[in-house]
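Q: Sharing a structure, written as structure tokens. Questions coming.
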Amino acid sequence: MTGWAWTTLALYGFWLLAAFGVRTVIQVRRTGDSGFRGLSGTPGSASWWAGVLFAVSLVGAVAAPAATLAGLPVLISDTPAVYGTGTAIAVLGIVGTLLAQRAMGASWRVGVDQEEHTALVREGLFAHVRNPIFTAMTVTGLGLTLMVPNVLAIAALAVLIIAVELQVRVVEEPYLKAMHGPAYLDYAAAAGRFAPGIGRLRTGTTHMD
């Protein structure tokens, strides 16, 4: 199992480096701005918790394989097919993350500045899904969990899902509706929230499923 744990750490390290390190360098060179906006909301608010839980999930994703290397047992043992499937899913998620970030271009941000106005991206993966980066990140998390399926990995994945839901529903969707108005409502009626066709704005209303 230690081999899978090391592979998980390597894949996760590559994802962090590519999705945050390299992407930040690209953003700075292109715009002069790192794109990082930090936590949203006041301490204790739902938007604040979204950022905190996201940070916790990132730490948990490292702690899970590290704990297995230290002796924490996995919940599904001696099942290479599960670990291999997880690796394939993680790679798919990593590729999806990078493609979605590229499609976002200069509008890429980590966090939200309520006073900032960025372009409404509707091209590439964003033509079908409004939050493809978060979808790809969750897919990556699922894959990493299957590679080293211990209690810490499952907890980290659960925390990531909660953080993503809070960030999208409490922070980003209200911000985008306020900034782009009818253009965002029209877009939200055509593209799903996390998957094509699911979570679209109901036509003729301002409510999203």
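Q: What is the number of the single condition among (1) at pLDDT below 95; (2) more than 17 Å from the chain's Cα centre (by Cα); (3) not small (Gly, Ala, Ser) that Pro149 does not meet?
A: The number of the failed condition is (1).
Q: Within region 77-96, does at least one residue satisfy the condition of being in contact with a helix residue (DSSP H, G or I) (Cβ under 7 Å, 6 or more places away or on another chain) and over 26 Å from Ala5 (Cβ atoms)?
A: The answer is no; no qualifying residue exists.
Q: So, of the residues in region 114-166 that are in a loop (DSSP other than H, G, I, E, B) and polar (S, T, N, Q), which turns out to be farthest from Leu98 (Cα to Cα)?
A: Asn150
Q: Kindly check whether there is at least one residue in region 29-52 that is over 22 Å from the mean Cα position of the chain (by Cα), assigned to a helix (DSSP H, G or I) and at pLDDT 95 or above.
A: Scanning region 29-52, I find no residue that is over 22 Å from the mean Cα position of the chain (by Cα), assigned to a helix (DSSP H, G or I) and at pLDDT 95 or above, so the answer is no.
Q: Within the set of pairs 6+ apart or on separate chains, which have a first residue in region 43-60 that is more than 22 Å from Val139 (Cα to Cα), a second that is surrounded by fewer than 19 Cβ atoms within 10 Å (Cβ to Cβ) and not small (Gly, Ala, Ser), and C-beta atoms under 6 Å apart?
A: Taking only residues 6 or more apart or on different chains, the pairs are Ala46/Val170; Ser47/Val170; Trp48/Leu39.
Q: Quickly run through region 51-83 and pick out the residues that are aliphatic (A, V, I, L, M) and touching a Gly at 6+ places or on another chain (Cβ under 8 Å).
A: If the condition is that a residue be aliphatic (A, V, I, L, M) and touching a Gly at 6+ places or on another chain (Cβ under 8 Å), then Ala61 is the only one that fits.
Q: Tell me the residue from Leu69, Leu75, Leu99, Leu92 that is within 18 Å of Ala127 (Cβ to Cβ) and touching a residue at least 12 places away in the same chain (Cβ under 8 Å), please.
A: Going through Leu69, Leu75, Leu99, Leu92 in turn, just one is within 18 Å of Ala127 (Cβ to Cβ) and touching a residue at least 12 places away in the same chain (Cβ under 8 Å): Leu99.
Q: Quickly run through region 107-137 and pick out the residues that are among the hydroxyl-bearing types (Ser, Thr, Tyr) and over 17 Å from the mean Cα position of the chain (by Cα).
A: The one that is among the hydroxyl-bearing types (Ser, Thr, Tyr) and over 17 Å from the mean Cα position of the chain (by Cα): Thr118.
Q: A further question follows. In region 94-124, which residues are crowded, with 22+ Cβ neighbours inside 10 Å and more than 16 Å from Gln27 (Cα to Cα)?
A: Ile94
Q: Then there is this: Every residue in region 102-113 that is closer than 19 Å to Ala188 by Cα, touching a residue at least 24 places away in the same chain (Cβ under 8 Å) and not in a loop (DSSP other than H, G, I, E, B), please.
A: Passing the criteria: Ala103, Met104.
Q: Which of the residues spanning region 1-11 are in a helix (DSSP H, G or I), surrounded by 13 or more Cβ atoms within 10 Å (Cβ to Cβ), of a type in the set (A, V, I, L, M) and more than 16 Å from the chain's Cα centre (by Cα)?
A: Ala5, Leu9
Q: Please pick out the residue among Phe14, Phe20 that is on the phi < 0 side of the Ramachandran plot, in a helix (DSSP H, G or I) and touching a strand residue (DSSP E or B) at 6+ places or on another chain (Cβ under 8 Å).
A: One residue alone meets the criteria, Phe20.
The values are calculated or read from the model by the stated rules, or taken from the named source; none is laboratory data. Everything numeric here is computed off the predicted structure, so don't read it as measured data. So basically every Cβ, Gly included, is an ideal-geometry build from the backbone, and we count neighbours across all protein chains shown.
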